[in-house]
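First the structure, in the form of structure tokens, and then the observations on it.
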Amino acid sequence: MGIMQFQVSDEAPTPDALENLAYLAGFERIPWRSEVRLHSDLLELRRPSQQSASLTAPWMMGDGGLLALTTGTLVERKRPYHLWTELLRGKVGQLLNQYGEWRALGLEVSSSLEQGIEKAVDLLGDAIFAQGKGERANGYLKECSQLTHELCEEICDQYVRQSLMVRRLTSRGKIPFWIGPSLQQIEPSGKVGEVLASFATAASIGFTWADGEPAPQKYCFDLADSQLMWCKQAGVLRGIGPLICLTPDRLPIWLSSDIPFSVIETGALNFVAQTVRRFRAKVDFWEVLGPLNVTMPFRISEEKMALFAARVIQTARNLDPGVVIAISVRQPWLEDLRSHECDYPAPFIVDALLRAGVGLDGIVLEMQLGYVPQGTFLRDRLDLARQIDYWSKWGLPLFIRFCVPSRNDADPLCTSPFQTFPWPWSETEQSRWARDYVMMLVGCPLVRGVFWSPWCDFEPHEFPHGGLFDLTQRPKEVTRFLAEFRKEWLAEPIR
């Protein structure tokens with residue numbers, strides 16, 4: 001059993017936030033299942049390993065609310081680390097590393113940014129040397145924290161501006177990019193459909209095994225047919241999936257836990273085959289399975305899960321060889337592993353599938369930003385860029401399933417216990433975070449599309465207040481940004 005301890009200062013967030021959100025991760029960014037306890041001013045994390053680790057925890061960075069910050073790699077020791085100092089040291093190190101990588105790729109930066117980074121490093125050094133001197137050390141930390149936050153925003157602004165221009169030049173015009181809703185049960189119509197058509201270049205249709213096989217071997221494609229008809233009328237690119245959605249509420253109701261998995265697998269593969277045969281000339285993208293890292297209602301080993309994924313992918317690939325075949329992963333920072341053990345995390349499964357050559361050629365990363373426990377912790381754009389680089393190491397196209405909340409209060413149609421990450425959420429904040437994330441994602445070379453999910457608040461959904469339309473079907477502020485962004489930067493879809 002390994003133990004790491006951190007001294008907590010008065011500036012720390014609430015004890016509940018630290019205990020519920022903090023976790024340790026190893027060298028490959030894979031979190032350990034940890035026991036987290038806050039004893040007075042000492043944060044203690046216990047895990048089944050004594051290897052060096054990095055800590056991720058919420059902390060105030062800049063103005064407004066909490067962000068998830070990550071320390072550098074720390075060795076286990078008896079003397080506690082100072083939490084604020086280590087989180088800030090990690091952020092400054094992240095800034096320095098990303099600055100070096102982007103400069104090597106040709107990013108042009110202002111002299112004021114370079115000088116600011118030097119000052120942030122000096123302030124961090126002053127804070128470290130002043131440890132134990134009370135207000136003096138805290139003053140350095142506060143100044144360094146604010147400056148580092150501003151520098152992260154500035155370098156990301158410069159990267160986005162230059163990367164979008166590069167993508168536009170290489171495209172010889174506007175950028176080909178998939179952006180649009182991830183449709184569920186309700187077909188867009190009237191004013192809602194018009195607003196969607198004003199910014200959408202594509203749509204993903206959330207048609208699952210539960211929708212398409214309500215009884216054993218009784219197939220129904222009405223939902224997919226109607227949504228595909230709307231996509232055709234709107235002139236957008238079309239995707240379907242995940243066909244086999246592994247969340248308990250999206251599996252057929254007739255599946256029971258006592259059914260042998262071999263029978264479940266046969267039924268799933270038959271459904272995939274039936275669906276792909278029916279729609280293979282009508283879609284541009286298949287998301288066949290996912291999310292990989294959710295709790296399933298039936299128990300199978302992780303090795304069987306990987307083999308099942310391979311068979312699903314191969315079934316779709318054999319029937320529709322010219323279309324992108326993808327699987328999805330929820331929480332791409334793998335925050336889910338902080339609460340349970342896993343021998344084969346999602347990146348390992350992706351790597352194994354590629355080595356097996358089964359025909360996987362896309363990954364959908366679910367970034368329901370600003371939700372706990374099943375969403376993505378609130379992170380800045382610098383952290384986003386580094387994580388996209390992590391998932392880009394296989395060279396596969398990436399698609400992002402995205403949303404961000406617009407309110408903090410109760411959501412009457414939310415079907416889950418998920419809560420918003422501590423932040424002063426509003427429609428303006430939703431639009432701001434969407435703008436920052438979407439523009440950064442479009443600037444990342446391997447990111448090919450963003451699907452907003454849930455796309456509306458007026459049908460049952462997992463993530464509270466995350467839609468583009470409110471309960472009364474009124475379009476939220478973010479839809480104006482998306483329409484303006486498409487008009488300025490994105491090419492018309494070519495079918």
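Looking across the stretch 401-437 at every residue that is modelled with pLDDT under 95 and outside any loop (DSSP other than H, G, I, E, B), the one that is surrounded by the fewest Cβ atoms within 10 Å (Cβ to Cβ) is identified as GLN419. Look at (1) within 15 Å of GLU150 (Cβ to Cβ); (2) among the hydrophobic types (A, V, I, L, M, F, W, C); (3) modelled with pLDDT under 95 and you find that LEU95 fails only one, number (3).
Within the stretch 438-450, one or more residues are part of a loop (DSSP other than H, G, I, E, B) and over 16 Å from the mean Cα position of the chain (by Cα). Within the stretch 319-361, the residues that satisfy the criterion of being more than 20 Å from ILE388 (Cα to Cα), out of contact with any strand residue (DSSP E or B) (no Cβ under 6 Å at 6 or more places or on another chain) and not in a loop (DSSP other than H, G, I, E, B) are LEU319, ARG355, ALA356. Residues that are among the charged types (D, E, K, R): which strands (runs of 3 or more DSSP E) entirely in the stretch 1-119 hold 1 or more of them? Strands (runs of 3 or more DSSP E) meeting the threshold: 35-39, 42-47. Within the stretch 38-51, residues that are small (Gly, Ala, Ser) have Cβ atoms under 8 Å from residues that are surrounded by 13 or more Cβ atoms within 10 Å (Cβ to Cβ) and part of a strand (DSSP E or B) in these pairs: SER49/GLY2, counting only partners at least 6 apart in sequence or on another chain.
No other residue among LEU243, LEU269, LEU228 is in contact with a Leu (Cβ under 8 Å, 6 or more places away or on another chain) and on the phi < 0 side of the Ramachandran plot apart from LEU243.
Right, ILE388: of a type in the set (Val, Ile, Thr), outside any strand (DSSP E or B) and under 19 Å from the mean Cα position of the chain (by Cα) or not? Against the criterion (of a type in the set (Val, Ile, Thr), outside any strand (DSSP E or B) and under 19 Å from the mean Cα position of the chain (by Cα)), ILE388 qualifies. Taking the stretch 137-173 as the range and being modelled with pLDDT of 95 or more and among the basic types (Lys, Arg) as the test, only ARG161 passes. Screening ARG167 with (1) in a helix (DSSP H, G or I); (2) crowded, with 19+ Cβ neighbours inside 10 Å gives one miss only, at (2). Can you find even one residue in the stretch 382-397 that is in contact with an Asp or Glu (Cβ under 8 Å, 6 or more places away or on another chain), assigned by TED's automatic domain parsing to the domain that holds LEU468 and buried (at least 21 other Cβ atoms within 10 Å of the Cβ)? There is no residue in the stretch 382-397 that is in contact with an Asp or Glu (Cβ under 8 Å, 6 or more places away or on another chain), assigned by TED's automatic domain parsing to the domain that holds LEU468 and buried (at least 21 other Cβ atoms within 10 Å of the Cβ). Taken as a whole, the condition of being assigned by TED's automatic domain parsing to the domain that holds TRP452, of a type outside the set (Asp, Glu) and touching a Lys or Arg at 6+ places or on another chain (Cβ under 8 Å) applies to LEU237.
LEU67 meets each of the listed conditions (1) surrounded by 21 or more Cβ atoms within 10 Å (Cβ to Cβ); (2) modelled with pLDDT under 90 apart from (2).
When the stretch 281-311 is filtered for residues that are touching a helix residue (DSSP H, G or I) at 6+ places or on another chain (Cβ under 6 Å), surrounded by 15 or more Cβ atoms within 10 Å (Cβ to Cβ) and either part of a loop (DSSP other than H, G, I, E, B) or not assigned by TED's automatic domain parsing to the domain that holds PRO252 (or both), the ones remaining, listed by number, are LEU292, ASN293.
Taken over the stretch 227-278, the criterion of being in a loop (DSSP other than H, G, I, E, B), out of contact with any helix residue (DSSP H, G or I) (no Cβ under 8 Å at 6 or more places or on another chain), farther than 19 Å from PRO181 by Cα and touching a residue at least 24 places away in the same chain (Cβ under 8 Å) is satisfied by LEU246, THR247, TRP254, SER257, ILE259.
For the stretch 395-403, the count of residues that are over 18 Å from GLY65 (Cα atoms) and charged (D, E, K, R) is at least one.
In the stretch 25-41, of all residues being more than 12 Å from PHE6 (Cα to Cα) and hydrophobic (A, V, I, L, M, F, W, C), the one that is surrounded by the fewest Cβ atoms within 10 Å (Cβ to Cβ) corresponds to PHE27. Test ALA326 against the stated conditions and say whether it is of a type in the set (A, V, I, L, M, F, W, C) and either within 27 Å of ASP225 (Cα to Cα) or more than 24 Å from the chain's Cα centre (by Cα) (or both). Yes; evaluated as a whole, the condition is true for this residue.
Once the stretch 177-188 is narrowed to residues that are at pLDDT 95 or above and not aliphatic (A, V, I, L, M), the residue that is farthest from ASP225 (Cα to Cα) is PHE177.
The values are calculated or read from the model by the stated rules, or taken from the named source; none is laboratory data. If you're wondering where the values come from, they're calculated on a predicted model, not measured in any experiment. No Cβ is skipped: glycine too gets one built from the backbone with ideal geometry, and neighbour counts run over all protein chains shown.
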